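Trainee: Before I ask anything, here is the structure I am working with.
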Amino acid sequence: MNKSELIDAMAKDAGITKVSAKAALESFMGNVQSTLKKKDGKVSLVGFGTFSVAERAARQGINPATKKPIKIAAKKVAKFKAGADLATAVSGQKKK
């Protein structure tokens, strides 16, 4: 599913226009992004999952073209950890 398909599904499920669904989705994504930019930013949606930021340490890598070692800088990356309800739905297993 891509963004436009998600907007179509949201509009149909909620009984709203595609324009409203697009605005809601963009608002959600913008708010998640701005929260993650903040120090210790985290967005938890109970049952669905948690968006957070992880620090990746600097490390040594290899340039695949030249096979020479390169330094890969430290950086922050976005993470998503599925919640229990989502994990159960995806796995197809029933809740205990």
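Trainee: Taking segment 1-31 as the search range and keeping residues that are loosely packed, with under 13 Cβ neighbours inside 10 Å and basic (Lys, Arg), which one is farthest from Lys42 (Cα to Cα)?
Mentor: Lys12
Trainee: Now, a different point. So is Lys18 free of Cβ contacts under 8 Å to residues at least 40 places away in the same chain, more than 23 Å from Gly83 (Cα to Cα) and out of contact with any Pro (no Cβ under 9 Å at 6 or more places or on another chain) or not?
Mentor: Yes: the conditions hold for Lys18.
Trainee: Ok, one more. Return yes or no: is Thr35 surrounded by fewer than 11 Cβ atoms within 10 Å (Cβ to Cβ) and polar (S, T, N, Q)?
Mentor: When the stated conditions are applied, Thr35 does not pass them.
Trainee: What are the residue pairs meeting all of these: first residue in segment 55-68, first residue within 30 Å of Phe80 (Cβ to Cβ) and without any contact (Cβ under 8 Å) to a residue 40 or more places away in the chain, second residue part of a loop (DSSP other than H, G, I, E, B) and of a type outside the set (Asp, Glu), Cβ atoms under 8 Å, and 6 or more apart or on different chains?
Mentor: Matching pairs, first to second residue: Glu55/Ala74; Arg56/Ala74; Ala57/Ala74; Ala58/Ala73; Ala58/Ala74; Ile62/Lys68.
Trainee: If you don't mind, another one. Name the residues in segment 21-54 that are among the charged types (D, E, K, R), out of contact with any Phe, Trp or Tyr (no Cβ under 9 Å at 6 or more places or on another chain) and closer than 20 Å to Lys81 by Cβ, would you?
Mentor: The answer is Lys37, Lys38, Lys39, Asp40.
Throughout, read-outs are computed from the coordinates displayed, never taken from laboratory work. Keep in mind that what you see is a predicted model, and the values were worked out from it rather than measured. Quick reminder, even Gly has a Cβ in these numbers, built from the backbone with ideal geometry, and neighbours come from all protein chains shown.
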